[in-house]
Every structure is written in structure tokens, then in C-alpha cells.
Number of protein chains: 2
Amino acid sequence: MKITINDIAKMANVSKGTVSRVINNKPEGVSEETRRRILKIIDEVGYVPNSNARSITVSETKTIGLIIPDVSNPFFAELARGVEDCSSEYGYTVFLCNSDMNIEKQKNYLNALLEKRVDGIILNTSGDFNDKKFRDKFYKINIPVVLIDRKTQDLERYKGVFIDNIEAGYKATKYLISGKNENIAYLAGTYGIDTTMKRLEGYKKALTEASIELKPDYIVYGEYSIKSGYERTLSLMKGHREIQAIFAGSDIIAIGAIKALKDMNILVPDEVEVVGIDDISISNLISPSLTTVAQPIYEIGYKASEKLINFINNKSDYEDEFLPTKLVIRNSTRRRT
Amino acid sequence: MKITINDIAKMANVSKGTVSRVINNKPEGVSEETRRRILKIIDEVGYVPNSNARSITVSETKTIGLIIPDVSNPFFAELARGVEDCSSEYGYTVFLCNSDMNIEKQKNYLNALLEKRVDGIILNTSGDFNDKKFRDKFYKINIPVVLIDRKTQDLERYKGVFIDNIEAGYKATKYLISGKNENIAYLAGTYGIDTTMKRLEGYKKALTEASIELKPDYIVYGEYSIKSGYERTLSLMKGHREIQAIFAGSDIIAIGAIKALKDMNILVPDEVEVVGIDDISISNLISPSLTTVAQPIYEIGYKASEKLINFINNKSDYEDEFLPTKLVIRNSTRRRT
DNA sequence: CAAAGTTAGTAAACCGGTTTAGCTGCTAAG
DNA sequence: CTTAGCAGCTAAACCGGTTTACTAACTTTG
């Protein structure tokens, strides 16, 4: 028996239109006296307007959807925090969705978000749409979307907030080269994903520039997880003891790699150097602390949300944005002289 | 120019009631043939029903709110993942809210969630309501709430999913005692919070049981953060070099403590042992790896969501639930013989 | 003082759905 | 053959809001 705007109207002996004006702080059409009277009643009976009812006429929900692979991954947790902070500052509430890099799950979430009529979506995509009909439908609906961290061929039409991944891969690899390493592996994340491939490009660029031969064996794909980093490192090092340095596709992977190296009694950084990408907060806590190409993770989330909200309200243009990265030198690499 | 149920009805030459039945898979009142025809049209034009419109008549939104202090804290990230997983399995979508332990923020989020007519709320409370009027209003609305991890006097009426914090504190302290330590500090989290005080009880119980004198100086309150753990450890150890072991109120605090001890050149575990509570995933990655009283964090989140959803649908009773903890022995404590 | 303008408010239409009462035409039962 | 029952559907009311067109009363202006 929820209390509605009609109840308030009756109690105050006014029409519900008048109550509506008071609720929405519309200045016209209500005298100060009745306004106060209505507000008092609202306060007394504890009336809470139903924003869903509102949303169907004003066609906005002040709600956005955030789709990421997994909040329990520190990188995405930090991203999510940035998104949520900005969103709430602008009066938006955010739906959290964990896609697990599963395209089917992502589709289900997108559908749910569309049904809930979110005003926009921030998407860390799990790859191309496999369901073309769904893609067409999705495109047709034309909901504002801002990509985050990763691009996808299929979603070319959408802009987003990223880092320059080529540069990031380049920086990491170049730093390893500066340590007089020649046999440098790229312990990559998921094959085919934008970030993975761009970082590869940077890796190649740095090697080429230094006239170091590119060895296909040194490039190993896996997933963006500790486990994957651990396992691939074991098998990689088993076959290639000559490797002197590992450029890990993310800090999470690097953490797995370091663990594997420890288990194999290979000293980090003395025997093998490791560099990651991301600079998640634990990277400074593990031992040895991780040298990494830092992304402004929180800011990426924050800016993505801001970009989305501006776009929703047509306040601004809608372009790709690339935030700067920075090499953070810690103890998984040797001192350079 | 969104397409609505009316448009579909017109296209199919039926009333919108019929379309509604088809959308909701109601078996009665529509022939197989028209059902197929309508579904085909829906598919072709890419119609997505508006669940907000739906929600105002069926008075449920299939939406729940999750309020936690901070997703970027690994403990809460894991919790959130558990909540979201369960919720999505049951067809619910979850709003993520970061309260930052700020009671005012929490109030604003609660208000927003009420306006959005969430079906229920999972709350890691940020303390008692300071606004009594709001509390009364909130109570009156009588929305299902499940507490998680922490209780509060004010919210006694609500049940939730927890661990036995007295036992957890007891286990941790007892294990430190078993290492022949007598000067054991409790590096607590926020003063007054349920978990903090219950763990204190456990700490006291273990000391009393072992006939170790309780020294007020050895109990230090702070916050549940690395920074706080770090700072309090520095000042604690400066004044009390005789301390042999630290029971940290959480893993996050323990991580800060270990960092501080390192900076003071105090060896862990040789000179000072450290035990935490939580077993967040990094606890196994830091060095030395952390001995800790493990909580089933993900399960707490998952069960809380399940409890809430069952309660929403009146399927089950609604009682407190305490999940088991387990001492995980790693390298921040010495080998016991 | 009349005309015009402003203010405060109402009633009704509308948003996009669900649900109920009732109608039509057919089949099965008595 | 009548009647009851049912399947298939429609029209209209309803959910809880917003918005628009309109009116009545009062104020300002020339």
C-alpha cells in the first residue's frame, strides 16, 4: 500500500499536477504557501516519488550501465569506482554487470539494460558481437555508449577512453632493453583483444628499433589472470631458459609470472626482469614490487562516465580520449646506471 | 521515437493486451499462430519492452541495491562479485553504491534506491542513522534489507550474513599466543563498528584464557585501510618495541603493518608476527605472505543476495546466517612445532 | 475604468505498460 | 437442439507520474 502522488494531492486538497510541480521544484504555478503545505505533508507521511513512473514520461532514468569482465579484478574495481564516483556526482546511479568476457552474458546484460532504459552504457567489451541480428537491433536503438580500455572492430562507431597501448608496450619493452636484455618475452593477455595486440605492436616497435630479432616463440598468449600468467611463465621458461626479461601484458599477469619464477628458483630481477602494465594498487605491495607502465585507472573510469553523461545531455562532442601512461620503476627490474 | 507496445499492436492488428501477453509468455488468451506473428514483428522491428513502465503496475523492478564503502577495496570487490553473480542468476540487476563510510552519502544512496523502487537492499552499513526522521521514514517504507559483514544497533530489525567475529578474533589471537608471544597488539579498524568490537572481544577472550594481562596500550584503533595500518604501526612500535605480535583487524591493515615493520627494519615474522582477517586474494601474494583468518567473502555476498531474493519472494524465512572462518597459515608467522 | 497581463491552480490527456471484464464464435455435453 | 464451456481476443481501466490547455481571480497599465 505504497503512498502515491494522488494520496498527497488529496491530503493537500490540490490536483496532482500541483504536487508534481512541487516535487520537481518547478517555480511556476504554485504559491509559496501551498508549496510549503505540500512539502510538509510529503515530509510527514514519508512520501517517496516513484522515479520509474516519472521516467516513462520524461524518457530518462538517470541510470547508466557499466559492463566489465569482473569487479573482483583490481583493475576493473578501480575503474568501476571511478565510474561510480563521477556518475553519482552527476546524479546518476550505475548498474554493475560482470560479463566474464563471455559474449553471451554481455548480450544478456545489454538486453537487461535496454529494458531498464538506462540513459547510456559504459562498456569494456568482451569482443565482437557474434549475434548479428542482435547487433543490428542494438545499433538501431542508438543508445549512448562509451567504450573503456578496449576497442573492438564491431563497435567502431562508439568512442571511448583509453590509453595509447602501442606506446605503453613500447615504453615497457624499451625499458627492458635499456637493462641490456636481448631475450625479451611478451607474456600477453587474451589473443585478438585490442589492448593485447596494440601492446604487441609497441613491443615489436621497441625491438625493431633496437635491432633485436623478433622471436615468435617469445610471444605467448593467455588470459588476463594471475593463473594464466603463472602457467604460461612455467611453460615458457621451461623451454627457453635463455629469456632475460618478461614484458607482461598486465600487472595481474606479471604477478603470476613472478610467482612462477620464484617457484622455479629464478631470481627476479637478478636473473629475469619483469615489467607489467596497469599499476594496480597491489603492484607496490608484492615482493619484489613491480615495475610497470601505470595507467590512470580511476581517471579512465571517471572520464568515461563524464564523457557519457555529457554525450547524453548533448553538452559536448564525443571523441576518443587517450590518457597518459607513465613508467613506474620499482624492484622487479634492476637498477639502471 | 522509441517503438512501443502500441506500435507492435497496430502492426499486428491486435490489441495491446494481446501483445502484452505474448511479451510475458502468458499461455492463455492468444493462439499459437498470432503469438508467432507478433513475435516475428517484435523481432523484425527490434522492439524492447520498457521494464520501468511494467514495474509501475506489477510493483517489482527486478533490481536490488548494493551499498558498500568502496569497491576498490578488494574485500568489497569480492563481496560485490558474489552479490552480482547470485542476483543475475535470479534475474536481478544490481545498483552499485560506494558510501565511503559516510553516513550522509549512504542516506543519499538509500533515497535514490527508494525512488528507483529497488526490490531490496544489501547494506554494508556505515554506522547508525544520524537523521532520525529519515530512519523513521525508511523503516516505514519497509523495504527488504539484508545486512552484510557488519551489524548496527540502529538496524537491529534487519538480518544478514556475517562471520562470527568473536571467534575470528579469538582464533587469530590464540594462534599468536601459540607462538609463545605474550605482548600481542590488536591493530583494530574503525572504533565502534560491530566487526572491530567483536574481534576485540575475541582477542580479549584468548588473552584471558592464556592468563595474559590485557594492556590497553596494545589496542590501537584506526581505519580499515593500508595507510591507517601503516601509520598506527609506526607509532605503536615506536612506543612499544617489546611487542612481539600484531593481530590486525583486517588483511588490509595487516598489509600496512607489514610495510611499516619493514620500514622500521623489524623482521616479519622473526621479530614480530602478524595475523590478519579476511584472506583477500593479495594476502597470498605479498611478501611475507599473510597468515590470516579467512572469510568466505564471495559466498557471503552470494548468500546475502540469495537471502534477500528469497525474502523478497517470501520463499524462505529470514534469519541471521554466520559463515565459517578458517585460519590460513602462511609466512607472516613463524613455523609452529 | 477597461484592457491586458500575471499568478495559482485544475482537469484531462498522456507516457508504456498490465489486468480485468466482457464479447464472439466455436465445440462438447446433456 | 439448447446450453454450457472455452479459446481467443478487445476495450477500457489502471499503475504513478508529467505536461498541456484552460480558467478564475487578481494586478498592472494606459
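Among the residues of this structure, B:Arg135 counts as one that is out of contact with any strand residue (DSSP E or B) (no Cβ under 7 Å at 6 or more places or on another chain) and modelled with pLDDT under 95. Only residues that are touching a strand residue (DSSP E or B) at 6+ places or on another chain (Cβ under 8 Å) and part of a helix (DSSP H, G or I) were counted in segment B:292-313, giving 12.
For segment B:102-117, filtering for residues that are more than 7 Å from chain A (Cβ to nearest Cβ) and open to solvent by less than 10 Å² (accessible area, probe 1.4 Å) leaves 3.
Is it the case that some residue within segment B:292-299 is open to solvent by 30 Å² or more (accessible area, probe 1.4 Å), of a type outside the set (Val, Ile, Thr) and modelled with pLDDT under 95? Scanning segment B:292-299 turns up no residue that is open to solvent by 30 Å² or more (accessible area, probe 1.4 Å), of a type outside the set (Val, Ile, Thr) and modelled with pLDDT under 95. Return yes or no: is A:Gly127 part of a loop (DSSP other than H, G, I, E, B), assigned by TED's automatic domain parsing to the domain that holds A:Phe75, more than 21 Å from A:Ala77 (Cβ to Cβ) and touching a residue at least 60 places away in the same chain (Cβ under 8 Å)? So A:Gly127 fits the description; yes. Being within 14 Å of another protein chain (Cβ to nearest Cβ), among the basic types (Lys, Arg), touching a helix residue (DSSP H, G or I) at 6+ places or on another chain (Cβ under 8 Å) and within 22 Å of B:Asp278 (Cα to Cα) is a property that B:Arg150 lacks. Regarding segment B:46-59, can at least one residue be identified that is in contact with a helix residue (DSSP H, G or I) (Cβ under 7 Å, 6 or more places away or on another chain), open to solvent by less than 40 Å² (accessible area, probe 1.4 Å), within 9 Å of DNA strand D (Cβ to nearest atom) and farther than 30 Å from A:Asp100 by Cβ? Scanning segment B:46-59 turns up at least one residue that is in contact with a helix residue (DSSP H, G or I) (Cβ under 7 Å, 6 or more places away or on another chain), open to solvent by less than 40 Å² (accessible area, probe 1.4 Å), within 9 Å of DNA strand D (Cβ to nearest atom) and farther than 30 Å from A:Asp100 by Cβ.
For A:Ser305, the stated conditions hold: it is of a type in the set (S, T, N, Q), buried (at least 20 other Cβ atoms within 10 Å of the Cβ) and assigned by TED's automatic domain parsing to the domain that holds A:Asp149. Scanning segment A:28-45 for residues that are closer than 29 Å to A:Val94 by Cβ and within 8 Å of DNA strand D (Cβ to nearest atom) turns up nothing. Would you pick out the residues in segment B:150-172 that are farther than 14 Å from B:Leu308 by Cβ, in a loop (DSSP other than H, G, I, E, B) and open to solvent by less than 50 Å² (accessible area, probe 1.4 Å)? Correct list: B:Arg150, B:Thr152.
Checking each residue in segment B:1-21 for being over 16 Å from B:Ala53 (Cβ atoms), open to solvent by less than 60 Å² (accessible area, probe 1.4 Å) and not hydroxyl-bearing (Ser, Thr, Tyr) picks out B:Ala12, B:Val14. In segment A:118-138, the qualifying residues are those that are open to solvent by 30 Å² or more (accessible area, probe 1.4 Å) and at the interface with chain B (Cβ under 9 Å from one of its Cβ atoms), and the one that is farthest from A:Gly301 (Cα to Cα) is A:Lys133. Annotation note: of B:Asn98, B:Asn52, B:Asn24, the sole residue that is within 11 Å of another protein chain (Cβ to nearest Cβ), without any contact (Cβ under 8 Å) to a residue 40 or more places away in the chain and within 14 Å of DNA strand C (Cβ to nearest atom) is B:Asn52. Name the single residue that is surrounded by the fewest Cβ atoms within 10 Å (Cβ to Cβ) among those in segment A:205-234 being without any contact (Cβ under 8 Å) to a residue 12 or more places away in the chain and part of a helix (DSSP H, G or I). Filtering segment A:205-234 for residues that are without any contact (Cβ under 8 Å) to a residue 12 or more places away in the chain and part of a helix (DSSP H, G or I), the one surrounded by the fewest Cβ atoms within 10 Å (Cβ to Cβ) comes out as A:Pro216.
Being touching a Pro at 6+ places or on another chain (Cβ under 8 Å) and more than 30 Å from B:Gln244 (Cα to Cα) is a condition met by no residue of segment B:326-335. Against the test of being under 20 Å from A:Ile68 (Cα atoms) and of a type outside the set (S, T, N, Q), the options A:Glu321, A:Glu273 yield a single qualifying residue, A:Glu321.
B:Tyr47: under 30 Å from A:Val83 (Cα atoms) and either at pLDDT below 95 or within 16 Å of DNA strand C (Cβ to nearest atom) (or both), yes or no? Yes. Remark: A:Ser316 falls outside the filter, which requires a residue to be out of contact with any Lys or Arg (no Cβ under 7 Å at 6 or more places or on another chain), part of a loop (DSSP other than H, G, I, E, B), open to solvent by less than 10 Å² (accessible area, probe 1.4 Å) and not aromatic (Phe, Trp, Tyr). Here B:Asp70 meets the list (1) buried (at least 23 other Cβ atoms within 10 Å of the Cβ); (2) under 13 Å from the mean Cα position of the chain (by Cα); (3) farther than 30 Å from A:Asp43 by Cβ almost entirely, failing just condition (1). Only one of the numbered conditions (1) more than 19 Å from B:Ile309 (Cβ to Cβ); (2) polar (S, T, N, Q); (3) away from DNA strand D (no atom under 16 Å from the Cβ) is not met by B:Thr93, and that is (1).
When segment A:76-101 is filtered for residues that are surrounded by fewer than 20 Cβ atoms within 10 Å (Cβ to Cβ) and modelled with pLDDT of 95 or more, the ones remaining, listed by number, are A:Asp85, A:Ser88, A:Glu89, A:Tyr90, A:Gly91, A:Asp100.
Within segment A:276-297, not a single residue is away from chain B (no Cβ under 14 Å) and on the phi > 0 side of the Ramachandran plot. Kindly establish whether A:Ser87 is more than 8 Å from DNA strand D (Cβ to nearest atom) and facing chain B (nearest Cβ under 9 Å). Considered against the rule, which asks whether it is more than 8 Å from DNA strand D (Cβ to nearest atom) and facing chain B (nearest Cβ under 9 Å), A:Ser87 comes out as no.
Using the structure shown, decide if B:Gly179 is in a loop (DSSP other than H, G, I, E, B), touching a Lys or Arg at 6+ places or on another chain (Cβ under 8 Å) and either touching a residue at least 60 places away in the same chain (Cβ under 8 Å) or open to solvent by 60 Å² or more (accessible area, probe 1.4 Å) (or both). Answer is yes for this residue.
The values are calculated or read from the model by the stated rules, or taken from the named source; none is laboratory data. Note that the coordinates shown come from a computational prediction; the quantities given were computed from them, not determined experimentally. Cβ coordinates were reconstructed from backbone atoms using ideal geometry, including for glycine residues, and neighbour counts include every protein chain displayed. Remember, those area values only see protein heavy atoms, side chains included, never the ligands or the DNA or RNA. Shrake-Rupley method; radii C 1.70, N 1.55, O 1.52, S 1.80 Å.
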